[in-house]
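In what follows, a structure is listed as structure tokens, so that the remarks can point back to it.
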């Protein structure tokens with residue numbers, strides 16, 4: 001039995017769960033998320049006990065893998081509609097910055113034109129510091145939303161616009177990310 005898959009998922013008060021065949025819908029204060037479950041996996045919701053139980057058909061390798069994964073996805077959905085997920089990023093580099101215009105973000109990161117990315121539905125951007133101040137004080141912002149995958153994917157897409165470079169550390173990085181710095185060229189004195 002999968003150690004993760006056999007643990008029931010607790011459903012807190014205020015969360016609405018619907019299981020229709022292979023589709024699981026979970027709604028809460030953060031929104032509504034839907035998951036299509038594979039046919040090999042069964043999901044039962046016990047409203048009296050306030051928990052969701054995930055079971056599998058057999059002990060085949062694929063079924064064992066899907067068992068734990070499905071349970072983890074459902075637990076993430078419940079956490080997403082109650083607390084939400086967030087990913088913080090920082091932009092380093094003189095003159096770099098971020099701004100939000102409608103449903104698009106504009107990243108000024110050293111290119112001739114700002115990079116413009118559409119914000120996916122259900123994802124919000126919170127800007128703490130819109131522009132960098134020198135090389136020491138970065139621009140800071142947070143990507144928030146109920147869907148863990150959407151938040152992580154959009155944060156990765158933002159970071160990919162200008163990944164941090166190893167010499168000066170300029171670029172977009174996750175808030176907790178440490179950059180391995182390289183030493184630049186050392187010039188010998190010509191005599």
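The values are calculated or read from the model by the stated rules, or taken from the named source; none is laboratory data. Computed from a predicted structure; not experimentally measured. Positions of Cβ are generated from backbone atoms using ideal geometry, with glycine treated the same way; all protein chains shown enter the neighbour counts.
Here are a few things to note about the model shown:
- Condition broken by residue 123, with the remaining ones in (1) touching a helix residue (DSSP H, G or I) at 6+ places or on another chain (Cβ under 6 Å); (2) at positive phi satisfied: (2)
- The residues of segment 13-28 that are in contact (Cβ under 8 Å) with a residue 40 or more places away in the chain and either assigned to a strand (DSSP E or B) or over 22 Å from the mean Cα position of the chain (by Cα) (or both), listed by number, are 14, 24, 26, 27, 28.
- Here residue 126 meets each of (1) surrounded by fewer than 13 Cβ atoms within 10 Å (Cβ to Cβ); (2) over 30 Å from residue 17 (Cα atoms) with one exception, condition (2).
- For segment 108-144, a residue qualifies if it is assigned to a strand (DSSP E or B), within 16 Å of residue 174 (Cβ to Cβ) and touching a residue at least 40 places away in the same chain (Cβ under 8 Å), and the qualifying residues are 139, 140, 141, 142, 143, 144.
- Residue 55 vs. criteria at pLDDT below 95, under 24 Å from the mean Cα position of the chain (by Cα) and either part of a strand (DSSP E or B) or on the phi > 0 side of the Ramachandran plot (or both): no
- Boolean, residue 95 is outside the structural domain of residue 32 (by TED's automatic domain parsing) and either farther than 25 Å from residue 31 by Cβ or over 25 Å from the mean Cα position of the chain (by Cα) (or both): yes
- Qualifying positions in segment 145-182 - part of a strand (DSSP E or B) and either crowded, with 16+ Cβ neighbours inside 10 Å or out of contact with any helix residue (DSSP H, G or I) (no Cβ under 8 Å at 6 or more places or on another chain) (or both): 145, 171, 172, 173
- Total residues in segment 13-59, condition closer than 29 Å to residue 124 by Cα and loosely packed, with under 15 Cβ neighbours inside 10 Å: 10
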